[in-house]
Amino acid sequence: MDILVKPLVTEKMTDMSERFNRYGFVVDRKASKPEIKKAIESLYNVTVESVNTMIYGGKNKSRFTKGGVITGKTKAFKKAIVTLVEGDSIDFYSNI
C-alpha cells in the first residue's frame, strides 16, 4: 500500500516550511497518522514531531458551454501536514 501519493508544493506550503518547518503531502485516504509518520521518516530520513490530517471532499463544479451546462465533481483527497523536529528539513527539488 502506497501511503504517500505526492508532496504539496504550493506558495502557502513553501511559506509554512520556511517559517514553521511543516511540509504537506497528499496521502492515501485509509492511512493513519502513525503510518504516515513512519513512511515519511523512512523515505526522507528525518524525525517527525507531529502529523495533522484533513480530508477534503470533492466539490461540485459546473460550466456553461454552447451545448448546455456541463456538471462534474472534483476529486476528494486526504492531506497531511507534517511538522519536523528542529534542524531537519526535506528538499523536494533534489531529484530534479
Given the conditions (1) modelled with pLDDT of 95 or more; (2) surrounded by 11 or more Cβ atoms within 10 Å (Cβ to Cβ); (3) within 29 Å of GLY72 (Cα to Cα), which single one is not true for LEU8? (1)
Conditions (1) touching a residue at least 12 places away in the same chain (Cβ under 8 Å); (2) surrounded by 15 or more Cβ atoms within 10 Å (Cβ to Cβ); number of the one not met by MET13: (1)
So which of LYS78, LYS38, LYS66, LYS33 ends up being farther than 21 Å from GLU11 by Cα, touching a strand residue (DSSP E or B) at 6+ places or on another chain (Cβ under 6 Å) and among the basic types (Lys, Arg)? LYS33
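The values are calculated or read from the model by the stated rules, or taken from the named source; none is laboratory data. Quick caveat, the model's predicted, so the values are computed rather than measured. Methodologically, a virtual Cβ is constructed for each residue, glycine included, from the backbone with ideal geometry; neighbour enumeration extends over all protein chains shown.
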